[in-house]
Amino acid sequence: MATRSRPDATERVMEVMMYLLARDVPKTREEIWRDTGLYAPEGTTDRRVLQSARASFERDKALIRNLGVRITESMEHDGATSYTIRHHDYFLPDLQLTPEEQVALRFAAARVDLGETWDFEAVAKLTNVGPADAAHETQPVTAEVALGTAAASQPAASAMLPALAAATADRAAVGFTYGGRERAVQPLGLLCRAGYWYFAAFEDGTAKTFRVDRMEGDVEVGERGAFAKADVDVAGLLPTEPMEIDFGDDFDARVRIDATVAHQPTAERGRIVERHDDGSVTVEARVRNRAAFRMWLLDMGGHAVVTSPPELVSEVTSWLRALAADAVDGER
């Protein structure tokens, strides 16, 4: 692989981390240099180039460690040092939170401004947080407390969220206008996906979700205890993948992802339809949220190329050129 022109420290650090995480076996310095092309041209004997490359490599390792990521070193049979980043040293383990800690986490999640630029989905189950067992009795988080400041970033929903959450906790029927029709529903809970709040409820015996900022007029709440609590997986009513949440788009995209990130969780958000000899993969993703799709592409940087459909290739190309032009204008 040819060495890239002047990669900066941030790019090198991220590339090396992704490279080591994707490998099942430790890799020597020479293998890392050869496979990533980040430090010195393969086969070079220029002493100054090699010295500079070694210095950059050592600085990058130090930066990775300063980020709190452990690089494990081992000695090969020929005396060379090899490197790896083990998954259990990088990925967050099961936190084994107590019921009280889970309540606190949900409360904190309710207060976070979840913008559209977030690439990963976020779910906040803010009501009906009950005890895990008799030894850990926990009172439900009230809607007024949990959602008192959560809706500031969505003015259209700000007046509705506390009422909807309270109705869910109180098992009270709710009436509102949605899609030009009057709705009468039995609440199930609130979720946040891709920066938007959704209200889950039974309507005519069917579990549905309604985007809160698309509700029209006022919310009418009935009497408390009007129905029994339903055993429904509220989080399962919406896709966990932001690209699949209905935002008015609906198409299948194919993206070729190179070997550097092909085995990372980001790439696995698509369904692999083809594996290539160079270690790259082609994935297919159903896209119902164009903005989330673009953020997914940006996360993979230069490691992903849209291959179909043709109109999407043209659209993404124009979008990236516009971003590049804006960046150039901003530097002037």
Cβ-Cβ distance below 8 Å, separation of 6 or more or different chains: which pairs start in the stretch 75-91 with a residue that is farther than 16 Å from Glu58 by Cβ and end on one that is among the small types (Gly, Ala, Ser)? Met75/Ser82; Glu76/Ser82; Thr84/Ser74
Please work out which one of (1) touching a strand residue (DSSP E or B) at 6+ places or on another chain (Cβ under 7 Å); (2) at pLDDT 85 or above is the condition Arg294 fails and give its number. (1)
From Arg271, Arg288, Arg224, Arg275, residue being surrounded by 14 or more Cβ atoms within 10 Å (Cβ to Cβ), of a type in the set (Lys, Arg) and either under 30 Å from Ala167 (Cβ atoms) or out of contact with any Cys (no Cβ under 9 Å at 6 or more places or on another chain) (or both): Arg288
Meets criteria (among the acidic types (Asp, Glu), surrounded by fewer than 16 Cβ atoms within 10 Å (Cβ to Cβ) and at pLDDT below 70) for Glu144: yes
Residues that are touching an Asp or Glu at 6+ places or on another chain (Cβ under 8 Å), at pLDDT 85 or above and closer than 29 Å to Pro162 by Cβ: does the stretch 241-255 have at least one? no
Pairs with Cβ under 7 Å, 6+ apart, first in the stretch 50-63 and of a type in the set (D, E, K, R), second surrounded by 13 or more Cβ atoms within 10 Å (Cβ to Cβ) and not in a helix (DSSP H, G or I): Lys61/Ile71
Say whether the condition of being at pLDDT below 90, within 20 Å of Phe247 (Cα to Cα) and out of contact with any helix residue (DSSP H, G or I) (no Cβ under 8 Å at 6 or more places or on another chain) is met by at least one residue in the stretch 216-223. yes
For residues that are farther than 16 Å from Pro239 by Cβ and either of a type in the set (Asp, Glu) or outside any strand (DSSP E or B) (or both), tally how many sit in the stretch 177-224. 16
Can you list the strands (runs of 3 or more DSSP E) found entirely within the stretch 230-312 that contain at least 2 residues being without any contact (Cβ under 8 Å) to a residue 60 or more places away in the chain and charged (D, E, K, R)? 251-257, 271-275, 281-287
Residues to consider are Ile64, Ile85, Ile71; find the one that is of a type outside the set (Gly, Ala, Ser) and at pLDDT 90 or above. Ile71
Among the numbered criteria (1) without any contact (Cβ under 8 Å) to a residue 24 or more places away in the chain; (2) surrounded by 14 or more Cβ atoms within 10 Å (Cβ to Cβ), which single criterion is violated by Val174? (1)
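The values are calculated or read from the model by the stated rules, or taken from the named source; none is laboratory data. All values reported here derive from a predicted model rather than from experimental measurement. In this analysis, Cβ positions are derived from the backbone assuming ideal geometry, glycine residues included, and neighbour counts consider all displayed protein chains.
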